[in-house]
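Some notes on the structure that comes next.
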């Protein structure tokens, strides 16, 4: 089974560099700010749809911060 792996540090760095708060990103993506925080801390893997929305909202290529890996 494939799962999404997040480059957590890069996600947070790019979000901050673009001047987007966790709350703003969460609202634009349609998830809770706790979800964005958990993704950045590696406590939660986003769904493919959520990962795509995050990349789109930050205007960055999907594969700059997300990759598919073999999971359990």
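Modelling each spin label as a point 7 Å along the Cα-to-Cβ direction, I'd like the residue 62/residue 1 distance in nm, to one decimal.
The answer from the label model is 2.0 nm.
Say each of residue 8 and residue 32 gets a label point 7 Å from the Cα, pointing the same way as Cα to Cβ; how far apart are those two points in nm?
1.8 nm
In the P(r) worked out for the chain, what percent of Cα pairs fall beyond 16 Å?
On the way: 1009 of 2556 pairs.
When all Cα pairs of the chain are counted, 39 percent exceed 16 Å.
Measure nothing fancy, just the Cα-based angle from helix 48-58's long axis to the longest principal axis of the chain, in degrees from 0 to 90, nearest 10.
30 degrees
Using mean Cβ contacts within 10 Å as the protection proxy, how do 49-58, 1-10 order, highest first? Don't skip to the answer; put the middle values down first.
Numbers: 49-58: 17.6, 1-10: 13.6.
My ranking of the peptides, most packed first, is 49-58, 1-10.
Bear in mind these aren't lab numbers, they're just calculated from the coordinates by the rules spelled out. In this text the structure is predicted, and so the values were computed from the model without any measurement. Glycine also receives a Cβ, built like all others from the backbone with ideal geometry; neighbour counts cover every protein chain displayed.
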